[in-house]
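Here's the structure, in structure tokens; my notes come after.
The values are calculated or read from the model by the stated rules, or taken from the named source; none is laboratory data. Note that the structure is a prediction, hence the values are computed from the model and not measured. When we count neighbours, we look across all protein chains shown, and the Cβ atoms used for this are built from the backbone with ideal geometry, even at glycine. Accessible surface is based on the protein model in full, side chains and every heavy atom, while ligands, DNA and RNA are left aside. Shrake-Rupley method; radii C 1.70, N 1.55, O 1.52, S 1.80 Å.
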Amino acid sequence: MFSNNLKYYQQQLQLTQSELCKSLYDVPLRTLQSWLDGSKAPPTYYQQLIIFRLEQLNSSQCKQQGNET
């Protein structure tokens, strides 16, 4: 489910809702909140783009953490 994916990446990336909005190209906070609580969801093709973006951010963060050790 889309809302579960968002919550997973928000936790993995350790982002507040506001930071997550910024990471998703300034999605309005209320829109993100409705996605997180499952009351609304964007079209499937947007969901795929959003998850792709979050996967990129997560991968980048993992690489940065690996370089710090």
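Between GLN47, GLN14, GLN33, the residue with the greatest mean-square fluctuation in the GNM of the chain (Cα pairs under 10 Å linked by springs) is GLN14. How large a share of the accessible area of the chain, in percent, is made up of carbon and sulfur atoms when the probe is 1.4 Å and the other protein chains stay in place? Roughly 49 percent of what the probe reaches on the chain is carbon or sulfur. Residues in the chain average 71 Å² of solvent-accessible surface per residue, probe 1.4 Å, ligands and nucleic acids excluded. Listed by chain and number, the lysines whose C-alpha is less than 17 Å from the C-alpha of LYS7, apart from same-chain residues fewer than 8 away, are LYS22, LYS40. With N as its number of residues, the chain has a Cα radius of gyration that, divided by 2.2 N^0.38 Å, comes to 1.11. Placing +1 on each Lys and Arg Cβ and -1 on each Asp and Glu Cβ, with no other charges, gives the chain a dipole about its Cα centre of roughly 120 debye.
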